[in-house]
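Only one structure is covered here, and it is reproduced in the block below.
The values are calculated or read from the model by the stated rules, or taken from the named source; none is laboratory data. Keep in mind the model is a prediction, meaning the values are calculated, not measured. With ideal geometry, Cβ positions are generated from the backbone for all residues, glycine too; neighbour counts draw on all protein chains shown.
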Amino acid sequence: MAARHSTADILDAAVHVRDAARSATAGSAGVDTVLAALSEVMEHDHASLTRWDPRRRRHTTLAGSYPEEATAYIETRLHRDPVFPVLHSPARGGLWLGDVPGPLLDASPGFQDVLAPLGIVDGVAQCLFTSDGRYVGMLNVSIRRPRRAPDPARAVVTLLTEALAATVASGEAGPAVPSGPVRPPGGLSPRELEVLAELTAGRTNRQIAELLYVTPRTVGTHIEHILAKLDVPNRAAAAAQAAAWGIRSPH
């Protein structure tokens, strides 16, 4: 499907993407419908939506059109690519290929070994975050011809990230907790359980933040909530209680 060219048409197409994302979140439509709607915003040769799995330390493709080798790279190696720390920020509105410095592209196996052989010269990688700053996955879009400038699709893709993040986050599995009659008290949220599990390994806030793809400040806030809910004085006591329940870090 050809992308629309006027700003008004692109904004109209963006509404279609948002509606498709909401339907996918509700489970009444597949995620592939979201990518189909995205093609109205910007014509592309390959695209994918992936979900980040913090336990397995990899992405899982929910829908995509990349060749097998490129899909495998996105799922298992992209998060270790030198480009990833640059684009992995809740404040960044996506990293467009044309904006990546040449030396960084030269050092990127993802570009040199995967995208370049496909003839890719443009596109965007957009990390997706929930409202509380939790990293949930990525949108990747690749194009074999340069896009015109100025490009209204750039701003529209940024505006769509909240809806896309909701789509990716829907259906996530929560952290594993012990089965049986004993359950952790205090009403801990799934994210707080993940942080609590990492406390049992003696990890610092920064180390936990790197594992869960959130900021150290967010980890600190979660720990404050954990201590209050469990009514314990410090993180060591919280870790001891978690160990007694059988909660362990999966990493």
*State all residues of the stretch 75-112 that are closer than 20 Å to Glu210 by Cβ and either in contact (Cβ under 8 Å) with a residue 40 or more places away in the chain or assigned by TED's automatic domain parsing to the domain that holds Pro216 (or both); if no residue qualifies, say none.*
Leu78, Val83, Leu87, His88, Pro90
*If you go through the stretch 37-74, how many residues are surrounded by 20 or more Cβ atoms within 10 Å (Cβ to Cβ) and under 14 Å from the mean Cα position of the chain (by Cα)?*
8
*What number of residues in the stretch 36-58 are in contact with a Leu (Cβ under 7 Å, 6 or more places away or on another chain) and within 18 Å of Phe129 (Cβ to Cβ)?*
4
_Show me the helices (runs of 4 or more DSSP H) entirely contained within the stretch 121-218 in which 1 or more residues are at pLDDT 85 or above and closer than 22 Å to Arg248 by Cβ._
190-199, 205-212
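Yes or no: Ala24 part of a helix (DSSP H, G or I), crowded, with 19+ Cβ neighbours inside 10 Å and at pLDDT below 90?
Details: part of a helix (DSSP H, G or I): yes; crowded, with 19+ Cβ neighbours inside 10 Å: yes; at pLDDT below 90: yes.
Yes, satisfied.
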*Within the stretch 124-140, can one find any residue that is over 15 Å from the mean Cα position of the chain (by Cα) and not basic (Lys, Arg)?*
no
